[in-house]
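The values are calculated or read from the model by the stated rules, or taken from the named source; none is laboratory data. Model, not experiment: these values are computed from the prediction. Positions of Cβ are generated from backbone atoms using ideal geometry, with glycine treated the same way; all protein chains shown enter the neighbour counts. Protein only, heavy atoms only, side chains kept; ligands, DNA and RNA dropped before computing areas. Shrake-Rupley method; radii C 1.70, N 1.55, O 1.52, S 1.80 Å.
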Amino acid sequence: GKPGAAAELLPLVYDELRKLAAARLARENPGQTLDATALVHEAFVRLVGDQTFDHRGHFFAAAAEAMRRILVENARRNKAAKHGGGMARHDAAELPIAAPEPAEDLVALDE
């Protein structure tokens, strides 16, 4: 609750947060767009504010959880982008139909 406490805290815990972030990223699939530095900074931003921590372990557990959530959100965002994320439903109606006439095999299969 002390003003400026976040600025004092980051240099004290930065190295451990960076190791935690690197360990998290090592378990991710290749091609991750976040690096350890970005993950630490994003997690730290989420941790500071009105939250209080009972002890050092509580802070690092919260940091690990924040990093996990950031990676999940990032993966979901990337997956959505790969599958037409951001495309409105009305845009889909304007896409050309790949096979305007049903193939006889598909009709027979359906029946």
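Do we have any residue at all in region 43-58 that's among the aliphatic types (A, V, I, L, M), exposed (fewer than 12 other Cβ atoms within 10 Å of the Cβ) and farther than 21 Å from R77 by Cβ?
no
Is it the case that A6 is of a type in the set (A, V, I, L, M), surrounded by 13 or more Cβ atoms within 10 Å (Cβ to Cβ) and at pLDDT 85 or above?
Details: of a type in the set (A, V, I, L, M): yes; surrounded by 13 or more Cβ atoms within 10 Å (Cβ to Cβ): yes; at pLDDT 85 or above: no.
When the stated conditions are applied, A6 does not pass them.
Please indicate, with yes or no, whether at least one residue in region 26-33 is surrounded by 11 or more Cβ atoms within 10 Å (Cβ to Cβ), in a helix (DSSP H, G or I) and modelled with pLDDT of 80 or more. Step through it out loud before you land on a result.
Taking region 26-33 first, the residues surrounded by 11 or more Cβ atoms within 10 Å (Cβ to Cβ) are 28, 32.
Keeping just the survivors that are in a helix (DSSP H, G or I) gives none.
No.
If the Cβ limit is 9 Å and pairs must be 6+ apart or interchain, which residue in region 25-44 that is within 17 Å of A64 (Cβ to Cβ) pairs with which residue that is open to solvent by 70 Å² or more (accessible area, probe 1.4 Å)?
Close Cβ pairs (under 9 Å, with a partner that is open to solvent by 70 Å² or more (accessible area, probe 1.4 Å)) amount to L25/D35; L34/E42; A36/R18; A36/K19; T37/R18; L39/R18; V40/R18; A43/R69.
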